[in-house]
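Contents: one structure, followed by commentary.
The values are calculated or read from the model by the stated rules, or taken from the named source; none is laboratory data. What you are looking at is a predicted structure, and each value in this text was computed from that prediction instead of being measured. No Cβ is skipped: glycine too gets one built from the backbone with ideal geometry, and neighbour counts run over all protein chains shown.
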4 protein chains.
Amino acid sequence: MAAEVGIINITGYAGMELARLLFRHPGVKVVSVTARSGAGQPLSQALPHLFPLALPVTTDPGEADLLFSALPHQSSAQALLPYIQKGVLVVDISADFRLKDPQEYERWYGTKHPAPDLLAQAVYGLPELHRAAIKEARVVANPGCYPTAAILALAPALKAGIIGPEIIVDAKSGVSGAGRTLSLDTHYSEANENLSAYALEGHRHLPEIAQELGPLCGEALKITFLPHLAPMTRGILATCYAPLVPGRVAPGEGGKKELLGLYADFYRGEPFVRVVGYSPQTKHTWGNNLCLLHPTLDPRTGRLIVLAALDNLVKGAAGQAIQNMNLMLGLPEAMGLEALAVFP
Amino acid sequence: MAAEVGIINITGYAGMELARLLFRHPGVKVVSVTARSGAGQPLSQALPHLFPLALPVTTDPGEADLLFSALPHQSSAQALLPYIQKGVLVVDISADFRLKDPQEYERWYGTKHPAPDLLAQAVYGLPELHRAAIKEARVVANPGCYPTAAILALAPALKAGIIGPEIIVDAKSGVSGAGRTLSLDTHYSEANENLSAYALEGHRHLPEIAQELGPLCGEALKITFLPHLAPMTRGILATCYAPLVPGRVAPGEGGKKELLGLYADFYRGEPFVRVVGYSPQTKHTWGNNLCLLHPTLDPRTGRLIVLAALDNLVKGAAGQAIQNMNLMLGLPEAMGLEALAVFP
Amino acid sequence: MAAEVGIINITGYAGMELARLLFRHPGVKVVSVTARSGAGQPLSQALPHLFPLALPVTTDPGEADLLFSALPHQSSAQALLPYIQKGVLVVDISADFRLKDPQEYERWYGTKHPAPDLLAQAVYGLPELHRAAIKEARVVANPGCYPTAAILALAPALKAGIIGPEIIVDAKSGVSGAGRTLSLDTHYSEANENLSAYALEGHRHLPEIAQELGPLCGEALKITFLPHLAPMTRGILATCYAPLVPGRVAPGEGGKKELLGLYADFYRGEPFVRVVGYSPQTKHTWGNNLCLLHPTLDPRTGRLIVLAALDNLVKGAAGQAIQNMNLMLGLPEAMGLEALAVFP
Amino acid sequence: MAAEVGIINITGYAGMELARLLFRHPGVKVVSVTARSGAGQPLSQALPHLFPLALPVTTDPGEADLLFSALPHQSSAQALLPYIQKGVLVVDISADFRLKDPQEYERWYGTKHPAPDLLAQAVYGLPELHRAAIKEARVVANPGCYPTAAILALAPALKAGIIGPEIIVDAKSGVSGAGRTLSLDTHYSEANENLSAYALEGHRHLPEIAQELGPLCGEALKITFLPHLAPMTRGILATCYAPLVPGRVAPGEGGKKELLGLYADFYRGEPFVRVVGYSPQTKHTWGNNLCLLHPTLDPRTGRLIVLAALDNLVKGAAGQAIQNMNLMLGLPEAMGLEALAVFP
């Protein structure tokens, strides 16, 4: 019998993307969807493109085997708390359970952590690094969109000890990453045909990246992470730079092959990471759960360059959440996530 | 009496942008426009948006005081050669006269330099660095779009000796930078809603950047320059990273102010460089000749970050060419280039 | 056992969309894909986003139960002819078998029909109008993207006799409708942020529309069909205008409800037509096989207005082709086409 | 001495476009700019792209020879009233003085007209139709963006009596036409790659169109006007359809030439209307004050088709306002508006 799942806050982009993807998932049944406003109306009224999912929008997720929360941070942990206590499995797409250190949370989110006791049992839901733990977890913190790209891009090189700690992640995201809340920055006429960096003071995804990559590095990481807003709806491209440790990778073409081999080995068998021999395009992941990785080197400077492309709403949010759900429920990891990218 | 100028190869984007900008220039008169095909037809037929510029398209620029060439490299030097020999002033938008070293040219462009004897007299047309020489020059090599952004972004810090030689320039360009030649990469359905890095083997603008920035640095530069194609028509954002030399700039807010001050001093009085206290948006330069610069630092890692935004077809090509022309003709430097950005 | 199908000319947008959609189709197996160039290479090299479809690109579709052709007109009929003669089922996405009258074909396509004898047995593959015939057909002519929208929009009103023959179809299409062949009109920098009408002399989809709608109208149709190119990758919106026959539909709100009822009745049970009570957005069909219809009236003038939105590559091409295939193979009509739209 | 002008509500798109265009106007000086919020800050802080315009943002336009108002309707008339009474010339970009009939205003805007006594003296500011009156006017009502396109497209044909009253205007607008107020419809991720019709119940620009075109038609007009939102920042394309009166225009190519001649005659000498022999593209007017018109006919149905393209923020708002100002101040009509379109 199919497991029953609920989606808390379906009206944001991650929430509606969960609904879209779960609609074709043969192993689970969406039994409830909630929203902070508009409760009572049929889902097809709130979100016409989801009309075949004949459910009312409620404020209470009710009984379910597993709950996804796509609420903003703080509200998310608060909403999930009673369900976690009842033993319901949860995948939290917000940032609430990502950082192990509640003080780090407070530093970046400007508020006390709403449930610090739960942090120890929460698992950072990046299956490529934490698959075993996710399978046993009751609370999974779904990674941020940028961290998914950056961590997948850099973990193999750090683990292999071929790069030093001086890392730069220059990331570009489509506008849906900024969510559905209205703002002048995401107003069509201002975001369109425009490109700029933001969060120059430090982006909340930085501590996640540092938390996950730090232990893989022999020294103290020195990461600069700078996100940019690009005029497209979906897609993240993270361009990562780090100095190669001298003598560990051959210079020139030989080194490029070594890198491809190293990355291919690291991700062998992974259903949603593809190491490619060309510069990946974000559009080749439009709507699906892939992360495309291309490691290469700049022979003039001895730097590693890794390009990571993914769809911020799928592998960067809802798709990865379902991947985590599959692991938690003992279902095949790729179930419901097999779609090819919509191209062009 | 207004000087007479000609535009060689008006049918590319730089050529037609020259025509657009010169149309309102009170100090010069466009007397000829050429194209590699379509000669004989009126300009308004080849390029309807230029219809008030009532000129026939020819293959021969004829008599003029100054010629702009917007031809591709190699053809450009070949076409300009006879005019240079006759003493006509030229501004070459192609790469042919940018690199001082003909071997470096051959390495990057795969062909012998068509006029190596002229390289010594050609001036690299970045007015902010070479104004005096441009005023005296007969051959000005108009800088590439990326180098304009990267050099303006990094020159002050290198000259002040506050950064080391380990530089990364992660640049993002709109699609018009790839020109008007048809290709699958610039086919609407494939470029739209897509973002990717290109020229991973090394981009031809790298040696220009190195040539101009190298002498400003005490040590041998180690620059990685990686361009990206962004789904917009115009605009370049160059995000530049370099390690701050310890002890030269205060950490934190104080250091940010120092950097703003240093850059403001460096560019004081410059009509087309604006040092700003916020993250610049490419769209704030749409259609005009500005380069917006924002220097800041990442206090967590002690890195300098400089953001440079400009319109690749204006300050990155045709506008800068006119700025150079103004200097060569003894006209006010900003003449004809006063327009504000078209926003939104 | 799953039926085996081949895709002729996978490298165009309709061809690759067939591959994308068939990848998740549980009832058929893609056994061959052809291209006019690039034969011999693996599909994942030609079209990286299709990499899980591990097939070589060939020039010969080989043995299959059913073939799709996504070739241009004329070549398509020529390529299909030997297979049709062998009894292979075919769905032709080109225009070759759409028009019943070979002279009409010659008038619009400027060439003699390559297989006029087959026209009698070919069925126009719009399931909502010709489902029974499609089930029995061996040759199905998949409708054009615009005709799919226009015919679905107008058939109910014409059949009910509530509108006169003076019809205007003002249609707007995304750029992928112009295919993958390079042209200045579809060059990113020129198509982006631009909108224009085209085919003012008459578009080849007009005779299809007339052929299908003509018999539903009591009088001689007088249709103007004017297509426009809109700066987006996918999507068609057809805005259809026709005078209401006086006295047949109540004026005002009552009439609007009657129209919604009439259309809902006409399309009752249709899996891929949805009659909606609001102005449909093309983006609500992004990547799926839906046609959204909204009939309403302009009470000031007594005109019917019908808005039809669909994805030109799915319901307007590959999705409808699969719908036809399902009918021809006796599979459930919606099999493989259940996906919700990718939004946003 | 240059006339002094003020801009009321500079922070909307029409207001900032006024500032952009007036910056290069040699005949007037902007002496004040107001905003509903943010008063006291320098303009360069509120709108960085206008930084060379060194003015503080105020709430009071102060002394000026002429005031532009870019406020929303109702507030606009209220704000202008005292200045009109003092004899200051005004160009109102809002709808407040466009409709001659205060009851029609109340019907469409849902509020009593704030200054019905002034309607008699206000002139509808479409110079191509009302030039003489504008020159004498003290209050000019700047036309809406859609009406500018629709009226210019249809006036010649109606005046010549070659079309009947059954008119359809299918108009497509870029998103800036919806203004700077935030909404889900203009949120980047929802407006991008999307196209839909809106205002199906009737758009407020309809009565303007009817008021201006009605008197040119011998019979009672029956106009349907349907606007669409297209995924681009600027640009309007109005596609207009009307039945040709039998016998007045030759069928086929001859008739097309007659139409071009008729339109060329009607607009002879007009600085900002260009009658063209091809399908006009909105992008050919990007940032400038042109309206491109292409009249043609559909020989199959005997319908007139007229395409009108313009930039909704220039000829559709701020540019036309300056054209009106020039007329009111006795300046050359095209002063400050000579710029070519920014293309691509």
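For the range A:138-166, a residue qualifies if it is charged (D, E, K, R) and assigned by TED's automatic domain parsing to the domain that holds A:Gly235, and the qualifying residues are A:Lys159, A:Glu166.
If you check D:Glu106, D:Glu128, D:Glu136 for being in contact with a Lys or Arg (Cβ under 7 Å, 6 or more places away or on another chain) and either under 26 Å from D:Cys291 (Cβ atoms) or surrounded by fewer than 24 Cβ atoms within 10 Å (Cβ to Cβ) (or both), only one passes: D:Glu106. Applying the condition of being over 16 Å from C:Gly214 (Cβ atoms) and not aromatic (Phe, Trp, Tyr) to the range C:91-106 and asking which residue is nearest to the chain's Cα centre (by Cα) yields C:Ile93.
Residue-by-condition table, conditions (1) modelled with pLDDT under 90; (2) surrounded by fewer than 20 Cβ atoms within 10 Å (Cβ to Cβ); (3) under 25 Å from B:Gly316 (Cα atoms):
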{"position": "B:Ile7", "(1), (2), (3)": "no, no, yes"}
{"position": "B:Gly38", "(1), (2), (3)": "yes, yes, no"}
{"position": "B:Leu50", "(1), (2), (3)": "no, no, yes"}
{"position": "B:Pro56", "(1), (2), (3)": "no, yes, no"}
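The numbered conditions (1) surrounded by 17 or more Cβ atoms within 10 Å (Cβ to Cβ); (2) without any contact (Cβ under 8 Å) to a residue 24 or more places away in the chain are all true for C:Leu297 except (2).
Just one residue in the set B:Pro72, B:Pro114, B:Pro82 is within 30 Å of D:Lys283 (Cα to Cα) and outside any strand (DSSP E or B); that residue is B:Pro72. Residues that are closer than 22 Å to D:Arg107 by Cβ, among the β-branched types (Val, Ile, Thr) and free of Cβ contacts under 8 Å to residues at least 60 places away in the same chain do not occur anywhere in the range D:226-249.
For the range A:24-76, a residue qualifies if it is of a type in the set (Phe, Trp, Tyr) and without any contact (Cβ under 8 Å) to a residue 24 or more places away in the chain, and exactly one does: A:Phe51. Beta carbons closer than 6 Å, at least 6 apart along the sequence or on distinct chains, pair a first residue in the range D:11-23 that is under 15 Å from D:Gly177 (Cβ atoms) with a second that is charged (D, E, K, R) and not in a helix (DSSP H, G or I) for D:Gly12/D:Arg180; D:Tyr13/D:Arg180.
Every residue in the range C:175-228 that is aromatic (Phe, Trp, Tyr) and closer than 26 Å to A:Pro344 by Cα, please.
C:Tyr188, C:Tyr198, listed by residue number.
Consider the range A:172-189. How many of its residues are surrounded by 23 or more Cβ atoms within 10 Å (Cβ to Cβ) and either in contact with a Phe, Trp or Tyr (Cβ under 6 Å, 6 or more places away or on another chain) or at the interface with another protein chain (Cβ under 7 Å from one of its Cβ atoms) (or both)?
Here is the first cut: in the range A:172-189, the residues surrounded by 23 or more Cβ atoms within 10 Å (Cβ to Cβ) are A:172-177, A:187-189.
Restricting the remaining residues to those that are either in contact with a Phe, Trp or Tyr (Cβ under 6 Å, 6 or more places away or on another chain) or at the interface with another protein chain (Cβ under 7 Å from one of its Cβ atoms) (or both) gives A:172, A:175-176, A:187-189.
Count: 6.
Out of all the residues in the range A:196-219, which are farther than 24 Å from B:His284 by Cβ and either touching a Ser or Thr at 6+ places or on another chain (Cβ under 7 Å) or charged (D, E, K, R) (or both)? Within the range A:196-219, A:Arg204, A:Glu208, A:Glu212, A:Glu219 qualify. Please give the number of the condition A:Pro299 fails out of (1) modelled with pLDDT of 95 or more; (2) touching a helix residue (DSSP H, G or I) at 6+ places or on another chain (Cβ under 7 Å); (3) of a type outside the set (Lys, Arg). With respect to (1) modelled with pLDDT of 95 or more; (2) touching a helix residue (DSSP H, G or I) at 6+ places or on another chain (Cβ under 7 Å); (3) of a type outside the set (Lys, Arg), A:Pro299 is out only on (1). Here's a check for you: in the range D:190-218, which residue that is touching a Gly at 6+ places or on another chain (Cβ under 8 Å) and either surrounded by 24 or more Cβ atoms within 10 Å (Cβ to Cβ) or at the interface with chain C (Cβ under 9 Å from one of its Cβ atoms) (or both) is farthest from D:Pro102 (Cα to Cα)? Checking each candidate, the answer is D:Glu193. Figure legend. Inter-residue proximity from the range B:102-126: first residues touching a residue at least 24 places away in the same chain (Cβ under 8 Å), second residues assigned to a loop (DSSP other than H, G, I, E, B) and among the charged types (D, E, K, R), beta-carbon distance below 6 Å, spacing 6+ or different chains. Indicated pairs: B:Trp108/B:Arg204. Taking B:Gly40 as the residue in question, decide whether it is farther than 29 Å from B:Thr233 by Cβ and touching a Ser or Thr at 6+ places or on another chain (Cβ under 6 Å). In short, no. Residues in the range A:158-171 that are surrounded by fewer than 22 Cβ atoms within 10 Å (Cβ to Cβ) and touching a Phe, Trp or Tyr at 6+ places or on another chain (Cβ under 9 Å) were compared, and the one that is nearest to the other protein chains (Cβ to nearest Cβ) is A:Glu166. Only one entry of C:Leu329, C:Leu259 meets the criterion of being within 14 Å of chain D (Cβ to nearest Cβ) and either in contact (Cβ under 8 Å) with a residue 40 or more places away in the chain or not aliphatic (A, V, I, L, M) (or both), and that entry is C:Leu259. The sole residue among B:Glu212, B:Glu208, B:Glu128, B:Glu190 that is more than 17 Å from the chain's Cα centre (by Cα) and either in a helix (DSSP H, G or I) or modelled with pLDDT of 95 or more (or both) is B:Glu190. Is there a residue in the range D:297-320 that is part of a helix (DSSP H, G or I), of a type in the set (S, T, N, Q), within 19 Å of D:Gly125 (Cα to Cα) and more than 10 Å from chain C (Cβ to nearest Cβ)? Checking the range D:297-320: at least one residue is part of a helix (DSSP H, G or I), of a type in the set (S, T, N, Q), within 19 Å of D:Gly125 (Cα to Cα) and more than 10 Å from chain C (Cβ to nearest Cβ). When the range D:242-279 is filtered for residues that are in contact with a strand residue (DSSP E or B) (Cβ under 8 Å, 6 or more places away or on another chain) and of a type in the set (D, E, K, R), the ones remaining, listed by number, are D:Lys256, D:Arg274.
Please work out if A:Leu118 is farther than 30 Å from A:Phe266 by Cα and more than 20 Å from the chain's Cα centre (by Cα).
Yes: the conditions hold for A:Leu118.
Anything in the range A:262-294 that is facing another protein chain (nearest Cβ under 10 Å) and basic (Lys, Arg)? List them, or say none. Hits for the range A:262-294 are A:Arg274, A:Lys283.
When residues in the range B:221-235 are screened for being farther than 20 Å from B:Leu129 by Cα, in contact with a helix residue (DSSP H, G or I) (Cβ under 9 Å, 6 or more places away or on another chain) and of a type in the set (A, V, I, L, M), 3 of them pass.
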